[in-house]
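All remarks here apply to the structure that follows.
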Amino acid sequence: ERSGTVVGTAAHPASGTVRIVHADGKDYVRYENLKTINGPDIYVYLSKDLEAKEYLSVGKVKSTEGNSNYEIPAGTNVADYKYVIIWCKQFGVLFNSATLN
């Protein structure tokens, strides 16, 4: 099981933990104790970089505080992705990231 600590940016403070979990035959990105600021058009990505050049969207942010799950599409090789990030599509801005260990 891979996990990481959520790290904010200068303009977007954040904290919490992210884990990749397997349940009921599916994989999920799970945020635990997430605390981040809200913004327009923010999404959760599995990403190979912090600039969202190579990524897979797992959904629009459901909540900016607490615990939430995002289903990873079947057939995704999670090992291909180093980060889980929250990204603002509208402005092309990184809100926070977690390096998966």
key: Odd one out for ALA10 among (1) over 12 Å from the mean Cα position of the chain (by Cα); (2) in a strand (DSSP E or B); (3) among the aliphatic types (A, V, I, L, M)   = (2)
query = Filtering region 1-29 down to residues that are touching a residue at least 40 places away in the same chain (Cβ under 8 Å), open to solvent by 40 Å² or more (accessible area, probe 1.4 Å) and in contact with a Lys or Arg (Cβ under 9 Å, 6 or more places away or on another chain), which residue is nearest to GLU71 (Cα to Cα)?
reply = TYR28
message = Any residue in region 42-71 that is in contact (Cβ under 8 Å) with a residue 40 or more places away in the chain and over 22 Å from HIS22 (Cα atoms) sitting within a Cβ distance under 7 Å of a residue that is hydrophobic (A, V, I, L, M, F, W, C) and in a strand (DSSP E or B)? List the pairs, counting only those 6 or more apart or interchain.
response = ILE42/ILE86; ILE42/TRP87; ILE42/CYS88; ILE42/PHE95; LEU50/ILE85; LEU50/LEU94; ALA52/ILE85; ALA52/TRP87
note = Scanning region 30-78 for residues that are over 19 Å from GLN90 (Cβ atoms), open to solvent by 50 Å² or more (accessible area, probe 1.4 Å) and of a type in the set (S, T, N, Q) gives ASN33, ASN67, ASN69, ASN77
inquiry  = I'm trying to understand the selection: among the residues of region 72-94, which are within 16 Å of ARG19 (Cβ to Cβ) and of a type outside the set (Gly, Ala, Ser)?
reply    = ILE72, THR76, VAL78, TYR81, LYS82, TYR83, VAL84, ILE85, ILE86
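The values are calculated or read from the model by the stated rules, or taken from the named source; none is laboratory data. It should be emphasised that the depicted structure is a prediction, and the values quoted were computed from it without experimental measurement. Cβ sites come from the backbone with ideal geometry, for glycine too, and all protein chains shown count toward neighbours. Just so you know, the surface numbers come from the protein's heavy atoms only, side chains and all, with ligands and any DNA or RNA stripped out. Shrake-Rupley method; radii C 1.70, N 1.55, O 1.52, S 1.80 Å.
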